[in-house]
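Bear in mind that the values in this text are calculations on the coordinates, not laboratory data. None of the values given here were measured: they were computed from a predicted structure. No Cβ is skipped: glycine too gets one built from the backbone with ideal geometry, and neighbour counts run over all protein chains shown.
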């Protein structure tokens, strides 16, 4: 048999030209943002944007409580404008804004061409007041390079549910993900609402309850056309759960006998975001959540037990990252994605991205924005592009030193995969 040789489509780049080629391609690549908390404009007030929303985002709220010492009940009694004024004063005027959350706000403003040297919050508000939402959405997506993004959609949300039931129009750049936290995390509260909506479920694992849960999921899958089903899970999540009676055992039944079969039927991945400890400080509201180390063996057992299901996984604890990469090496039905929440810091993102490339090659989606405020697309993707440029430059330089021909076509293909191409293939 003759040896088949494939010539590169373009000539190899000289080693000294690799950094410039990587920087150019990463900077221009369109982004498929696979997990956000943003909404298409038809969802009205659920789509957050503007300077005050940036400043009162829960990342900054938590940081602010370390400085202003205001009792939480007094802070929450303030108007949003007053809260933003307070956080601007303590985090930007009285201290240098070097945290990633504060730097992110400044990156957003700079990307929009605004002058932050004057530190004039009133002038910044005046600028935002001139925008309409539709024009601003187009501007942010254009500057950030985000071509498509995936929402987080909860049919139990009283503001969101009516929009879906009305069957309103949706911006084609926004795609859905069906969120399952109410079913898997607070079933006792979900049951009366499901019964109100005509689903014959109970606080049990009966066949009727499981079948009716599947019927509910099927209806919403057909309505939303989601790319995946998703849940945020605590670090204590166990599978199989053989020790804890009650809701955790029921959670396993709902997962195995309702959610995973429905995912298989529709060829949809089940996304698990594992490691959040909810409301360790309830007085801080959304800013009061924390992180805990989870058991990657949970993912390993699910992937092994259900090879016909696809799983998307991101873990919140830095200490879990190496183990989940090893699990992904063993199971092709697992796709690792993103640097989530408390991991969204440049030093950690760089470490995780290098680790993933070294263990999994390019078969990952290294980042998602997790944005809750539209403007955050500007800083999260600008900051990540810079990190990815450095990491890829080093990796391609390593390849060139082995004698491998690194071509511009190779770079273009790989960057496309990292910004959503690998994820889209995993969905097929």
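Largest mean-square fluctuation among 214, 69, 28, in a Gaussian network model of the chain whose springs join Cα atoms under 10 Å apart, belongs to 69.
Each DSSP beta bridge with both residues in the chain is either parallel or antiparallel, and the antiparallel ones are about 10%. Derived value for the range 266-352: Kirkwood hydrodynamic radius 13.8 Å. Basis is the mean of 1/r over every pair of different alpha-carbon atoms. For the options 293, 207, 416, a Gaussian network treatment of the chain with springs between C-alpha atoms closer than 10 Å singles out 207 as fluctuating the most. For the Cα trace of the range 341-381, dividing Rg by the Kirkwood Rh returns an Rg/Rh value of 1.02.
Between 60, 93, 377, the Gaussian network model of the chain with springs among Cα atoms under 10 angstrom shows the greatest mean-square fluctuation at 93.
Computed extension length for residue 98-residue 123: 6.8 nm, one decimal, from 0.36 nm per residue of separation with the Cα-Cα distance subtracted.
Taking a ≥ b ≥ c as the square roots of the eigenvalues of the Cα gyration tensor, the range 111-185 is classed as prolate, since a/c reaches at least 1.5 and a/b is larger than b/c. Overall, the anisotropy analysis places the chain in the oblate class: the square-rooted eigenvalues a ≥ b ≥ c of its C-alpha gyration tensor yield a/c not less than 1.5, with a/b not exceeding b/c. Name the shape class, rounded, prolate or oblate, that the alpha-carbon gyration tensor gives for the range 1-144, where a ≥ b ≥ c are the square roots of its eigenvalues, rounded holds for a/c under 1.5, and otherwise prolate holds if a/b is larger than b/c and oblate otherwise. It comes out prolate by the Cα gyration axes. Rounded to 0.05, the FRET efficiency of the residue 266 and residue 85 pair, given R0 = 51 Å and the Cβ-Cβ distance, is 0.60.
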